[in-house]
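The values are calculated or read from the model by the stated rules, or taken from the named source; none is laboratory data. These figures come from a predicted structure and were not determined experimentally. All Cβ positions, even for glycine, are placed from backbone atoms using ideal geometry, and neighbour counts span all protein chains on display.
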Amino acid sequence: MSGRFRVGAALAGVVVLTAGGLVAANWATADTRTKTGPQTTRQNGQQPAKTTVDPLVAETLESELGSDSGVVGSYYDESGELIVAVSDLSAAALVRRIGAVPRLVKFTAKQLNAVQGELNRLAVASSAGKVRSWYVDPVSGTVVVSVPRGVHDSITNRFLSRALANGERVTLRKVSGTVRPTADDFGLRGGVQVDKNTGYVCSLGFNARTRKGNRIFLTAGHCTSGKPSFSRNGYVLGNTSTSSFPGHDFGSVGVIEGWDQQGYVEGWGNGNVAVKGIADATVGSTLCKSGKSTGWTCGKIVARNVTVNYGNNRVVRGLFQHTACVESGDSGGASMTGNYAQGITSGAALIDGQCLEKHGQTNESYAQPIAPALQATKSRLILAN
């Protein structure tokens with residue numbers, strides 16, 4: 001079975017990418033008719049070396065310590081050691097007792113979250129201009145604000161002025177490329193192509209069932225915006241059930257009878273990847289994503305709870321940032337750490353429609369965490385047998 005698809009208009013900015021096989025929203029740039037096949041950063045069919053700590057350890061640690069414990073965040077360093085950023089000595093002692101390595105930072109989580117919250121409100125109420133993203137960074141112990149090099153318009157400068165008024169609590173980062181959603185307006189597994197009746201394509205993230213037993217798949221919210229219907233290889237999949245974008249970036253699509261929903265993610269020539277549960281994004285964790293345009297690519301999680309400005313007041317909160325290659329058409333696809341579902345591809349910074357590594361730079365990609373999408377749709381993932 002085969003099909004031909006139309007390409008969406010190219011827009012500058014962060015590209016929204018969807019995990020698990022659904023194509024991104026109608027801001028995507030990739031022309032599926034010219035692609036010869038998915039590309040991958042994996043070598044010899046192997047994943048990059050995994051960290052020495054179980055990916056669920058950091059999630060459990062932060063949950064046990066609680067929000068008032070002085071913990072700013074956690075991350076894995078290059079050796080795979082779990083590092084916990086803390087703002088006081090009592091929290092440091094507690095982290096040592098649990099078995100992780102504490103690192104003292106100057107500001108508390110409450111102080112840094114307040115800065116991010118202020119910038120979130122400013123972006124929605126007026127505009128962030130061309131500022132790309134902002135997030136609480138446990139590595140630096142500050143709020144990192146990213147802006148493209150050479151941008152000096154008045155709206156961007158106003159936003160940066162408000163951000164930098166917070167002094168040492170903010171770190172300004174100059175970045176390259178333009179960030180935008182990555183929709184390509186063109187047995188079910190995560191990462192495969194799905195087609196919208198509007199003529200665009202996205203990738204499928206994960207198969208799921210609601211509490212009422214309804215069959216759905218999850219994808220990016222910018223893919224389900226406007227509540228289109230979806231098909232695959234010319235055969236109807238179903239209609240949009242829920243959609244959230246901007247603010248968040250996830251949506252669900254009802255799946256009609258006859259489709260075999262599988263608890264696997266497409267490995268694009270490297271075998272299907274079994275989905276065995278979900279995990280919370282931890283900085284430093286290895287992550288691989290599956291998508292229609294670039295296939296199976298891997299990298300590291302570099303930030304969590306990131307606010308991303310896709311332009312035109314399309315501000316999305318709570319994303320995580322990673323370094324796997326993502327391009328237009330990957331939106332809605334699946335992001336995995338080992339056999340654990342991490343999230344759904346939202347967008348990426350691109351240069352000439354390509355991920356940054358193809359221009360000698362570190363990739364800057366974004367994904368919607370899976371847990372909020374499951375909670376909002378009152379659903380559970382279909383797991384591998």
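A few comments on the model shown:
- Selection count where residues are out of contact with any helix residue (DSSP H, G or I) (no Cβ under 9 Å at 6 or more places or on another chain) and either crowded, with 23+ Cβ neighbours inside 10 Å or within 14 Å of PHE206 (Cβ to Cβ) (or both), scope region 260-283: 12
- Filter result (part of a loop (DSSP other than H, G, I, E, B), closer than 15 Å to TRP296 by Cβ and not hydroxyl-bearing (Ser, Thr, Tyr)) within region 321-359: ALA324, CYS325, VAL326, GLU327, GLY329, ASP330, GLY338, ASN339
- Hits in region 213-235 - residues which are modelled with pLDDT of 95 or more, assigned to a strand (DSSP E or B) and either among the aromatic types (Phe, Trp, Tyr) or farther than 10 Å from GLY332 by Cβ (or both): ARG215, ILE216, PHE217, SER229, PHE230, SER231
- Single residue of THR242, THR182, THR198, THR178 found to be modelled with pLDDT of 95 or more and of a type in the set (Val, Ile, Thr): THR242
- Any hit, region 243-259, residues being surrounded by fewer than 19 Cβ atoms within 10 Å (Cβ to Cβ), assigned to a strand (DSSP E or B) and under 19 Å from the mean Cα position of the chain (by Cα): yes
- Selection within region 126-163: residues that are hydroxyl-bearing (Ser, Thr, Tyr) and in a loop (DSSP other than H, G, I, E, B). The member of this set that is modelled with the highest pLDDT is SER140.
- Region 164-207, subset within 22 Å of the chain's Cα centre (by Cα), aliphatic (A, V, I, L, M) and assigned to a strand (DSSP E or B), residue farthest from THR362 (Cα to Cα): LEU188
- Boolean, GLY318 is under 19 Å from SER133 (Cβ atoms) and in a strand (DSSP E or B): yes
- Whichever residue in region 289-311 is of a type in the set (A, V, I, L, M, F, W, C) and in contact with a Pro (Cβ under 8 Å, 6 or more places away or on another chain) and, among such residues, is farthest from PHE206 (Cα to Cα): CYS298
- Of all residues making up region 275-296, the number that are more than 21 Å from VAL84 (Cα to Cα), in contact with a strand residue (DSSP E or B) (Cβ under 6 Å, 6 or more places away or on another chain) and in a strand (DSSP E or B): 7
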